[in-house]
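The values are calculated or read from the model by the stated rules, or taken from the named source; none is laboratory data. Predicted, not measured: the structure shown is a model, and the values here were computed from it. Cβ coordinates were reconstructed from backbone atoms using ideal geometry, including for glycine residues, and neighbour counts include every protein chain displayed.
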Amino acid sequence: MGIKELRKKIELPMVPSEPTKVVPSSLILFGLPKCGKTTICSQLPNSLIIDVERGSDFVKAMKLQPPKGVGPVAIFKWLKEVAKEIKEAGNPYDFVIIDTASYLDELSEWVGTYNYMNSVQGQSFNRVKDSFGKAIKGGKMLSPDDPDYDSVHNIGEGYGYRYSRSAMTELLDSLKDLGKICTIFVCHVKDKFVVSKQTNTEVRTMDLSLTGKVKEIYSRDVDAIGYIWNKGGEVNISFRGNEDKIGGMRGNNHIQGYEGPLDWNKIFKLEKNER
């Protein structure tokens, strides 16, 4: 399509338009281990848990787990095939939960290494060596348990991280629109220490357990980020971001800044079946 045709399709707005979303269609849910993340997600109606970390065995839910004994590359391929199946079936689930994105981020180092080994630049990376000790370009790949096997993250100046990051962003593109109402990415918590602007002392903060730019990309692309914790057997959630933890929701709506008991009916307005 040429520039003239593109310009013909541009209609400048003259009045404000109403919001097209009331509830988040994508959500990052993060919290400490064993705080009830998987259990509370299983209580969502018509939901599917894609359990890559195999942490849902004690939970009654519709769930899928990758085949036992497969490696990181196969798990990533399996996830993309699951996403295709769900879309081809017409997105039958209201909620799809990816449990956990943090675990997938750990696996992405291996996936990124494999992808680099199969690129033009990586034809000599992790290959068997000739009699002079030089890697044979395009030669047999070393297995991950070989003592000479190396991670793509060890390539100079952080260049190799782009391969694991690319693996995670491709996965995000495949998975983020699976739930008719919302796709939820469950994450673990990573302790982080920063200097408080108010007291000028080092404080512990609750951060997403995702790597560098992957955390930025996932946080930017979802509609909402909620931190959950268990207090006296009751699961609470906070969409209130501050210097202690990240959190929040796009727009100015009913959950922006909310902090208190987690009630899916209120968050997703399920009683009125609003979208």
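Things worth noting here:
- All strands (runs of 3 or more DSSP E) inside segment 221-275 with 2 or more residues being hydrophobic (A, V, I, L, M, F, W, C) and either within 24 Å of Pro33 (Cα to Cα) or at pLDDT below 85 (or both): 224-231, 234-238
- Count of residues meeting criterion [in contact (Cβ under 8 Å) with a residue 12 or more places away in the chain and assigned to a loop (DSSP other than H, G, I, E, B)] in segment 68-83: 1
- Among the candidates Pro19, Pro24, Pro13, the residue that is surrounded by fewer than 18 Cβ atoms within 10 Å (Cβ to Cβ) and either within 18 Å of the chain's Cα centre (by Cα) or at pLDDT 85 or above (or both) is uniquely Pro13.
- A count restricted to segment 159-216 and to residues that are more than 19 Å from Ser26 (Cα to Cα), in a helix (DSSP H, G or I) and either at pLDDT 90 or above or touching a helix residue (DSSP H, G or I) at 6+ places or on another chain (Cβ under 6 Å) (or both) stands at 7.
- Among (1) farther than 26 Å from Asp223 by Cβ; (2) β-branched (Val, Ile, Thr); (3) not in a helix (DSSP H, G or I) - the single one Val15 does not satisfy: (1)
Every residue, every condition in (1) part of a helix (DSSP H, G or I); (2) of a type in the set (S, T, N, Q); (3) in contact with a helix residue (DSSP H, G or I) (Cβ under 6 Å, 6 or more places away or on another chain), yes or no:
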| position | (1), (2), (3) |
| --- | --- |
| Thr20 | no, yes, no |
| Pro24 | no, no, no |
| Thr38 | yes, yes, no |
| Ile50 | no, no, no |
| Glu53 | no, no, yes |
| Lys63 | no, no, no |
| Pro66 | no, no, yes |
| Glu85 | yes, no, no |
| Val96 | no, no, no |
